[in-house]
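What follows is one structure encoded as structure tokens, with my remarks underneath.
The values are calculated or read from the model by the stated rules, or taken from the named source; none is laboratory data. In this text, all values refer to a predicted model and were calculated from it rather than measured experimentally. Cβ: placed from backbone, ideal geometry, glycine included. Neighbour counts: every protein chain shown.
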Amino acid sequence: MNAPLDTSHEGASCGAHGVAATFVCTRCGDFGCAACLFSAVRGREVCATCAQKGLGEPIPWERRAEVGNVRAFWQTVKLAMGSPSRFFRTPTTQDSVIGAVVHGVLTVTIGLFLSYVVAGALVLLSGGAIAAIGDDTLAPVGAVLGVYGCAMLGLSPLLALMAGPANALFGQVIAAACAHGVLAIAKKSRGSFEDTLRVCSYSNAPYLFTFIPLLGSFTWFWVVGLEVIGLREVHRCGTDWAAAAAIGYRVVFFLTIVGGYALLVLGMVATLPPAPAP
Ligand SMILES: [Zn+2]
Ligand SMILES: [Zn+2]
């Protein structure tokens with residue numbers, strides 16, 4: 001963040017346009033002028049030629065003021081899931097990572113809301129089906145399911161708002177901190193922590209689809225896959241290190257939890273009073 005600004009462009013001229021250069025591209029090192037400036041973030045300027053290796057234009061969510069919030073949100077979800085390499089290779093045009101974090105929180109919260117709606121509708125339908133086909137003894141079961149389904153549908157916005165944003169924010173920051181830590185220790189982090197947090201935020205895009213029955217459970221794998229691709233593009237490291245950063249700490253967490261339970265069970269067995277003699 002506080003790297004000294006490159007002023008070597010002073011006195012140089014833009015190779016493409018022949019006018020006085022105003023910046024040095026932080027990716028290719030070429031001198032550029034205002035006409036070939038893609039990302040104007042101070043100290044992280046990127047030229048238009050390098051940006052062509054990404055989407056060629058800023059991420060839709062960064063253009064939401066002109067594109068419109070809903071369209072920008074949806075296009076960003078589609079691009080992150082459909083062309084993750086080009087998506088994450090696209091230089092950011094925003095100083096702050098907050099916009100990306102908000103996008104990640106929104107995908108998780110909306111996905112959760114839709115999950116409650118679908119679950120509520122399924123419970124309601126099964127209640128109706130039981131009431132329709134069952135005899136009188138089953139009618140109360142159908143009625144209870146109907147009431148329960150209605151309650152879930154009615155409460156879904158509230159439930160999603162209670163659980164969604166905090167979980168999403170916590171998840172993104174933890175994922176970014178762990179992934180960035182692994183890359184930093186391995187000296188493979190060529191991007192900033194903000195870059196890692198941006199990757200972990202936009203990678204939540206598949207969580208929008210957790211509401212799809214059965215298939216929704218697999219969105220987690222897609223999210224981790226996007227993180228691997230995003231970390232690789234942003235830090236320009238190999239897929240192996242990106243995978244180690246995105247998956248490694250999750251394996252450690254998992255083993256710690258499993259190991260913790262194992263110790264707990266062992267401890268309980270060890271403290272059991274000896275069986276009374278027959
Ligand atoms: Zn460049
Ligand atoms: Zn130029």
- Message: Give me the helices (runs of 4 or more DSSP H) completely within the range 84-189, filtered to those with at least 1 residues that are buried (at least 18 other Cβ atoms within 10 Å of the Cβ) and in the same structural domain as Ile247 (by TED's automatic domain parsing), ordered by residue number.
- Response: 98-133, 139-185
- Message: Here are the criteria: (1) in a helix (DSSP H, G or I); (2) touching a residue at least 40 places away in the same chain (Cβ under 8 Å); (3) out of contact with any helix residue (DSSP H, G or I) (no Cβ under 6 Å at 6 or more places or on another chain). Tell me which single one Leu231 does not satisfy.
- Response: (3)
- Query: From the list Arg27, Arg71, which residue is charged (D, E, K, R) and crowded, with 17+ Cβ neighbours inside 10 Å?
  - Reply: Arg27
- Note on the structure: Residue set Thr219, Thr256; condition among the polar types (S, T, N, Q) and touching a Phe, Trp or Tyr at 6+ places or on another chain (Cβ under 9 Å); output residue Thr219
- Considering every residue within the range 53-76, establish whether at least one is within 15 Å of ligand 1 (Cβ to nearest atom), at negative phi and among the small types (Gly, Ala, Ser). yes
- Item | Pro206 vs. criteria surrounded by fewer than 17 Cβ atoms within 10 Å (Cβ to Cβ) and at pLDDT 90 or above | no
- Message: Test of understanding: among Ala205, Ala186, Ala179, Ala175, which residue is closer than 30 Å to Gly43 by Cα, in contact with a Cys (Cβ under 6 Å, 6 or more places away or on another chain) and among the aliphatic types (A, V, I, L, M)?
- Response: Ala175
- Task: Could you please let me know if Gly43 is closer than 29 Å to Val199 by Cβ, of a type in the set (Gly, Ala, Ser) and either assigned by TED's automatic domain parsing to the domain that holds Val101 or surrounded by 19 or more Cβ atoms within 10 Å (Cβ to Cβ) (or both)?
- Result: no
- Only one of Ala100, Ala72 that is of a type in the set (Gly, Ala, Ser), in contact with a Leu (Cβ under 9 Å, 6 or more places away or on another chain) and under 16 Å from Ser201 (Cβ atoms): Ala100
- Note on the structure: Among residues of the range 1-15 being part of a loop (DSSP other than H, G, I, E, B) and at pLDDT 85 or above, the residue nearest to Gln94 (Cα to Cα) is Cys14
- Top-ranked residue in the range 26-49 [being away from ligand 2 (no atom under 13 Å from the Cβ) and polar (S, T, N, Q); ranked as farthest from Glu62 (Cα to Cα)]: Thr26
